[in-house]
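A quick write-up on the structure given underneath.
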Amino acid sequence: MEKEQVLQKLQDSGLVAVVRAKSGEEAIKICDACLAGGCSSIELTFTVPGADQVMKELAAKYSNGEMLLGAGTVLDAPTARIAILAGANYIVSPGFDAETAKLCGTYRVPYMPGCMTITECMTAMRAGADVCKIFPADLFGPTIIKDIKGPMPQCKMMPTGGVDVDNVDQWIKAGAIAVGAGSSLTKGAKTGDYEDITKTAKIFIERIKEARASLKK
């Protein structure tokens, strides 16, 4: 999938499921549950045991493009390359790393590094980052999106950390192109309630659509 297609598909979805799990099997169940709820963008973190093998399995399972598969918690360029070769469509990091940005540029794979300040956003964008992951978002609140977009309206941002069904509309209305949701979306996995994940994903998607619709009025 071309880089531009990946970015457009991620933005169209509006929701990225940040998947952490104790095993590869659990991770796949979470991913399947998210997809069933309409969340097609997945960020499988490298904290999952055997994450690259899980990515290969998911890439093969959804080879027709049903799932937009991203790799999360990517701390360096070698890990990013492993993820890309395993089938990752985009790379997400908790912070900015110049070498990872270069590698993603070489492969034409979207890079989304974690940023906390406008200076970090500027640094990341100059290095070729496609989306700035505002992280941890709960330290700031939705107003940071508007604050950064004031001087830099061209900055595309995706808040992650503390985003839930009750505040997702505020993030979208503030100007986020998408949101990343972790435990608030996937908490059902702790008790084996994957149906809860599917239900929560549906609520997220619906509230994102409603928020976007309100902006057009």
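Candidates are the residues of region 143-161 that are buried (at least 19 other Cβ atoms within 10 Å of the Cβ) and either among the small types (Gly, Ala, Ser) or assigned to a helix (DSSP H, G or I) (or both); the one that is nearest to the chain's Cα centre (by Cα) is Gly161. Write out, first by first residue and then by second, each pair whose Cβ atoms fall under 9 Å of each other, whose residues are 6+ apart or on separate chains, and whose first residue, in region 145-162, is on the phi < 0 side of the Ramachandran plot while the second is among the acidic types (Asp, Glu) and open to solvent by 10 Å² or more (accessible area, probe 1.4 Å). What qualifies is Lys156/Asp130; Pro159/Asp138.
Evaluate the following for Lys102: is it open to solvent by 10 Å² or more (accessible area, probe 1.4 Å), within 23 Å of Ala17 (Cβ to Cβ), more than 13 Å from the chain's Cα centre (by Cα) and not small (Gly, Ala, Ser)?
Working: open to solvent by 10 Å² or more (accessible area, probe 1.4 Å): yes; within 23 Å of Ala17 (Cβ to Cβ): no; more than 13 Å from the chain's Cα centre (by Cα): yes; not small (Gly, Ala, Ser): yes.
Against the criterion (open to solvent by 10 Å² or more (accessible area, probe 1.4 Å), within 23 Å of Ala17 (Cβ to Cβ), more than 13 Å from the chain's Cα centre (by Cα) and not small (Gly, Ala, Ser)), Lys102 does not qualify.
Conditions tested, residue by residue: (1) β-branched (Val, Ile, Thr); (2) in contact with a Lys or Arg (Cβ under 9 Å, 6 or more places away or on another chain); (3) open to solvent by 10 Å² or more (accessible area, probe 1.4 Å).
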residue: Gln11; (1), (2), (3): no, yes, yes
residue: Ser40; (1), (2), (3): no, yes, yes
residue: Glu57; (1), (2), (3): no, no, yes
residue: Gly65; (1), (2), (3): no, yes, yes
residue: Thr73; (1), (2), (3): yes, yes, yes
residue: Asp76; (1), (2), (3): no, no, yes
residue: Arg81; (1), (2), (3): no, no, yes
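In this entry, Ile144 is excluded by the filter for residues that are within 22 Å of Ser40 (Cα to Cα) and modelled with pLDDT of 95 or more.
The values are calculated or read from the model by the stated rules, or taken from the named source; none is laboratory data. The shown structure was predicted, so the numbers you read here are calculated from the model rather than taken from an experiment. Please note: Cβ atoms are built from the backbone with ideal geometry, for glycine as well, and neighbour counts cover all protein chains shown. The protein model used for the area step is the full one, side chains on, heavy atoms only, and it has no ligands, DNA or RNA in it. Shrake-Rupley method; radii C 1.70, N 1.55, O 1.52, S 1.80 Å.
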